[in-house]
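Asker: Before we start, here is the structure in question, set down as structure tokens.
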Amino acid sequence: MIQTLEWTDQGVRFIDQTKLPTEETYVTCKTHAQVADVIRNMVVRGAPAIGVAAAMGIALGVRDSKAETVGDLKRDLDLICDNMSKTRPTAVNLFWAIRRMQEKFERLRVRPIAQIKQELVEESKRMHAEDIAANQAMGRHGATLMPAEGGVLTHCNAGALATAGYGTALGVIRAAVEQGKKIHVYADETRPFLQGSRLTAWELMKDGIPTTVISDNMAGAMMKQGKIAAIVVGADRIAANGDVANKIGTYTVAVLAKENGIPFYVAAPISTVDLACPDGDHIPIELRNPKEVTHIAGRQMVPDGVSIENPAFDVTPAKYVAAIITERGIAREPYQESLQRLAGAEAKVEV
Ligand code: MRU
């Protein structure tokens, strides 16, 4: 099993996703500031994994705080959370995780400092376990939407590497394959960071799931040629009206899917649904370093001085989304109602 991130007594250990697929190496962060750095530098990435990483980073910072009063510990917690919140703006799971740790702290305030520290560590470990269970539940729901046989296209990496384990979109594919469905995955390479060719292909190869990598501009042709029966992607934030922010290029795939009559599904945990965000226009889109576009594997690919844009995410309007697969069930249009219902429902996920 792929260990994307885990709590250890020495610190939080991450598989270094910037080194995959050629090197499987691990880094252990010993401070909360180091955890913030690995989120920022995309050693760990993917919305649910960012959330769990932030929670573990916060737990690490609080555990190692020198504060002697609960008031001082709270001040340290706020500083740690503030630093963590500045790492990446789009994945709402980051802010969900920070809030959950802050709320846990508030409930523990009357307890001794040692106990508060221990309970926050336990809370972050619980979030890790819950994320895997949510992905497995999502897989069970989503597998029913997958074809018995055929090509399924995905964009970016919404797999074990983007979560605590199993994956959201790739979890749906994994569950369908476990049920005996004969799926062949088409993985968009996902420029500029290549999460599809480097990460999705790596983890599906490990599982022996047949996979073909295509460059992003090939997706439309594959759909037109009848090679794609369904599309499933993850999400970084889903607005209350069902608009979906996901890796740049997702919107293009969704529009092409509609044109070719192919269902376009989104798989994401309830923690990715942001009911406070009315629609996609209100989702902050991260702008990353132009060098990710200008250079490939260290080699410059564009002339000096040319203008570059590098938005890390785009927004797919809800009208292109056939269904949103969550751990609590499948939401369909009108999303305003179906998402509200699922978000308000009791969690039925067992850990
Ligand atoms: O920039 P990244 O690699 O963090 O972007 C990841 C994605 O866009 C994923 O599709 C999304 O976070 C869902 S991961 C289960």
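The values are calculated or read from the model by the stated rules, or taken from the named source; none is laboratory data. These numbers come from a predicted model, not from an experiment. Cβ placement follows ideal geometry from the backbone for every residue including glycine, while neighbour counts extend to all protein chains displayed. For the accessible areas, the whole protein counts, side chains as well, though only heavy atoms, and no ligand, DNA or RNA atoms are used. Shrake-Rupley method; radii C 1.70, N 1.55, O 1.52, S 1.80 Å.
Asker: Checking the conditions here, which among Val27, Val52, Val43 is under 19 Å from the mean Cα position of the chain (by Cα) and outside any helix (DSSP H, G or I)? Spell out how you get there, then give the answer.
Answerer: Working: Val27 fails: under 19 Å from the mean Cα position of the chain (by Cα); Val52 fails: outside any helix (DSSP H, G or I).
Criteria check complete, one pass: Val43.
Asker: Could I ask something else about it? In the range 139-159, what residues are within 14 Å of the ligand (Cβ to nearest atom) and within 19 Å of Gly180 (Cβ to Cβ)?
Answerer: The first filter runs over the range 139-159 and keeps only residues within 14 Å of the ligand (Cβ to nearest atom), leaving 139, 142, 153-159.
Once the filter is applied, which keeps residues that are within 14 Å of the ligand (Cβ to nearest atom) and within 19 Å of Gly180 (Cβ to Cβ), the range 139-159 yields Gly139, Gly142.
Asker: Would you be able to tell me the number of residues in the range 58-93 that are buried (at least 24 other Cβ atoms within 10 Å of the Cβ), under 17 Å from the mean Cα position of the chain (by Cα) and not in a loop (DSSP other than H, G, I, E, B)?
Answerer: Total satisfying the criteria: 3.
Asker: When the residues of the range 8-24 are filtered to those that are within 19 Å of the chain's Cα centre (by Cα) and charged (D, E, K, R), which remaining residue is farthest from Leu204 (Cα to Cα)? Break it down stepwise before answering.
Answerer: Step one: list which residues in the range 8-24 are within 19 Å of the chain's Cα centre (by Cα), which gives 12-21.
Pick out the ones that are also charged (D, E, K, R) and you get 13, 16, 19.
Numbers: Arg13: 22, Asp16: 17, Lys19: 17 Å.
Result: Arg13.
Asker: Which helices (runs of 4 or more DSSP H) sit wholly inside the range 163-266 and have at least 1 residues that are open to solvent by less than 10 Å² (accessible area, probe 1.4 Å), closer than 28 Å to Glu130 by Cα and free of Cβ contacts under 8 Å to residues at least 40 places away in the same chain? Don't jump to the end; show me each part of the working.
Answerer: Numbers: elements: 169-178, 201-207, 219-224, 250-259.
Result: 169-178.
Asker: Could you tell me whether the range 106-124 includes any residue that is closer than 25 Å to Ala55 by Cβ, within 16 Å of the ligand (Cβ to nearest atom), buried (at least 24 other Cβ atoms within 10 Å of the Cβ) and in contact (Cβ under 8 Å) with a residue 24 or more places away in the chain? Working first, answer last.
Answerer: From the range 106-124, those closer than 25 Å to Ala55 by Cβ are 106-124; that's our starting set.
Filter once more, so that each one left must be within 16 Å of the ligand (Cβ to nearest atom): none.
No, the conditions are met nowhere in the range 106-124.
Asker: Name the residues in the range 86-99 that are more than 16 Å from the ligand (Cβ to nearest atom) and touching a helix residue (DSSP H, G or I) at 6+ places or on another chain (Cβ under 7 Å), would you? Full working, then the answer.
Answerer: As a first pass, look at the range 86-99 and keep what is more than 16 Å from the ligand (Cβ to nearest atom): 98-99.
Listed by number, the list holds a single entry, Ile98.
Asker: Taking the conditions exactly as written (more than 20 Å from Lys125 (Cα to Cα) and without any contact (Cβ under 8 Å) to a residue 60 or more places away in the chain), does Val70 satisfy them or not?
Answerer: Against the criterion (more than 20 Å from Lys125 (Cα to Cα) and without any contact (Cβ under 8 Å) to a residue 60 or more places away in the chain), Val70 qualifies.
Asker: Okay, moving on. Only residues that are outside any loop (DSSP other than H, G, I, E, B) and among the small types (Gly, Ala, Ser): list them for the range 146-162, please. Spell out the reasoning first.
Answerer: Residues of the range 146-162 outside any loop (DSSP other than H, G, I, E, B): 149-154, 160-162.
Matches in the range 146-162: Gly150, Gly151, Ala160, Ala162.
Asker: Just a yes or no: is a residue in the range 323-330 more than 16 Å from the ligand (Cβ to nearest atom) and of a type in the set (S, T, N, Q)?
Answerer: No, the conditions are met nowhere in the range 323-330.
Asker: Looking only at the range 269-322, filter to residues that are open to solvent by 70 Å² or more (accessible area, probe 1.4 Å) and within 16 Å of the ligand (Cβ to nearest atom); which one of those is nearest to the chain's Cα centre (by Cα)?
Answerer: Only one residue fits best here, namely Leu287.
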